[in-house]
1. Is at least one residue of the range 79-90 out of contact with any Leu (no Cβ under 7 Å at 6 or more places or on another chain), surrounded by 10 or more Cβ atoms within 10 Å (Cβ to Cβ) and not in a strand (DSSP E or B)?
2. Name every residue in the range 20-44 that is of a type outside the set (G, A, S), outside any strand (DSSP E or B) and at pLDDT 80 or above, in order of residue number.
Amino acid sequence: MNVQEILQTAGDRASLAATVKSVYGEPVTCGDRTVIPVAKVRMGFGGGGGSGRHNEERSGQGGGGGGGSIANPCGALEITPQGTRFIYFRDPVRLAFAVGIATLAAVWFFSRKSGE
C-alpha cells in the first residue's frame, strides 16, 4: 500500500466516523420534554511516506499512518413547549486544573510579597 492509498483510507474512515450522530445522541422523550445529548468530538490522523534507496543492496520504501478520535459529553439540548435550552456539563478535570493554577499563582504572589 503506497502513501496515497494510506491517506485515502484514513480520510475515508474519518469521514465515516464524523457524522451528526457522533455529536448528537439519540433523543430521549418523556412527556412533553425531549433531551438530546451533545458531545465534543475530536479526530486526527496522519500519514508518512518515503522512497529512494537505503543502500546499494536494498531499495528504499516507506509508509505508515494512523488516526484516532475521542468524544466527551459536553451537554444536552432540552426541548419543551416553553422553548429550547442548552444545558452545559462542566468538566471537573478542567475546573480542578484551573483551581490548581490559581492556587499556585496565589502562593507564588504572596511568598514574593512576604519576602520584601
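1. Yes, the range 79-90 contains at least one residue that is out of contact with any Leu (no Cβ under 7 Å at 6 or more places or on another chain), surrounded by 10 or more Cβ atoms within 10 Å (Cβ to Cβ) and not in a strand (DSSP E or B).
2. Within the range 20-44, E26, P27, D32 meet the criteria.
The values are calculated or read from the model by the stated rules, or taken from the named source; none is laboratory data. Computed from a predicted structure; not experimentally measured. Cβ sites come from the backbone with ideal geometry, for glycine too, and all protein chains shown count toward neighbours.
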